[in-house]
Amino acid sequence: MTVPRPRIVLVGDARKERSAGALARHEPWLRRRCDIVARDLDGTLDLSRIRADLVVLFGGDGSILSVARRLAGNSLPVLGVNTGRFGFLAEVTLEGFRDVATRVLGGRVRTSDRMMFEVAVSRAGRTERRFLALNDAVIARGSVSRMAHMRLHVGGEARAGVGREDARGEDEVGRARLDELVLVELVGAAEGG
């Protein structure tokens with residue numbers, strides 16, 4: 001029986017030398033091990049509808065945040081290879097990429113799910129803008145020196161006893177007057193780390 005080759009999407013930034021160089025150096029190696037179904041070097045590919053097994057991203061944490069928003073619910077795993085400076089989210093180093101990629105492509109790693117936030121800005125009962133965020137979202141009042149009225153809703157899956165349910169089927173977990181709200185996913189807390 002033939003095992004199907006993994007299907008991947010390659011993502012990088014052609015304008016950034018380290019990202020473009022790393023992608024050019026590793027793409028031939030990847031082509032020998034998997035099928036590359038798409039390449040996105042300018043951030044214009046619609047990732048929300050792409051069919052693949054994995055996104056391999058050569059970039060930094062900002063690139064991962066951008067790709068997570070662009071996936072918009074398409075739950076593809078993302079292997080972030082750090083070509084940026086910090087590497088909190090893109091924690092695979094260029095030096096360790098081939099070793100990690102060999103394990104990933106062979107199915108010998110465990111993935112870790114991350115929560116996405118959908119943030120809606122509403123005024124007078126009308127939603128003005130919606131945003132998707134990974135890792136954290138900061139909601140601030142803007143430049144005007146006054147308090148903002150904020151409500152926090154949690155929705156998307158059934159939960160018992162979180163808060164009172166509103167007309168959209170979401171649980172309202174809080175209301176406040178404040179100048180800023182920071183939502184942060186506690187990575188590792190549920191994983192024992």
Please enumerate the residues belonging to segment 1-58 that are in contact with a Lys or Arg (Cβ under 6 Å, 6 or more places away or on another chain) and part of a loop (DSSP other than H, G, I, E, B).
CYS34, LEU47, ALA52, ASP53
Positions within segment 75-85 being over 22 Å from ALA20 (Cβ atoms) and in contact with a Leu (Cβ under 6 Å, 6 or more places away or on another chain), in sequence order
PRO77
Taking into account only those residues within segment 64-108 that are of a type in the set (Phe, Trp, Tyr) and open to solvent by 40 Å² or more (accessible area, probe 1.4 Å), which is farthest from CYS34 (Cα to Cα)?
PHE86
Residues of segment 102-153 being outside any strand (DSSP E or B), modelled with pLDDT under 75 and either more than 30 Å from ARG7 (Cα to Cα) or of a type in the set (Gly, Ala, Ser) (or both), which ones?
ARG141, GLY142, SER143, VAL144, SER145, ARG146, MET147
Has segment 91-108 got any residue that is free of Cβ contacts under 8 Å to residues at least 40 places away in the same chain, within 23 Å of PRO28 (Cα to Cα) and under 18 Å from the mean Cα position of the chain (by Cα)?
yes
Test result for ARG49, more than 19 Å from LEU23 (Cβ to Cβ), modelled with pLDDT of 90 or more and loosely packed, with under 13 Cβ neighbours inside 10 Å:
yes
Being closer than 30 Å to ASP136 by Cβ and touching a residue at least 60 places away in the same chain (Cβ under 8 Å) is the requirement here; does SER63 meet it?
no
Condition broken by ASP61, with the remaining ones in (1) crowded, with 16+ Cβ neighbours inside 10 Å; (2) out of contact with any Leu (no Cβ under 6 Å at 6 or more places or on another chain) satisfied:
(2)
Any idea which of VAL187, VAL182 is at pLDDT below 70, more than 30 Å from PRO4 (Cα to Cα), surrounded by 14 or more Cβ atoms within 10 Å (Cβ to Cβ) and among the β-branched types (Val, Ile, Thr)?
VAL187
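The values are calculated or read from the model by the stated rules, or taken from the named source; none is laboratory data. Small disclaimer: the values here were computed from a predicted structure and weren't measured. With ideal geometry, Cβ positions are generated from the backbone for all residues, glycine too; neighbour counts draw on all protein chains shown. Note: areas computed on protein heavy atoms with side chains; ligands, DNA, RNA excluded. Shrake-Rupley method; radii C 1.70, N 1.55, O 1.52, S 1.80 Å.
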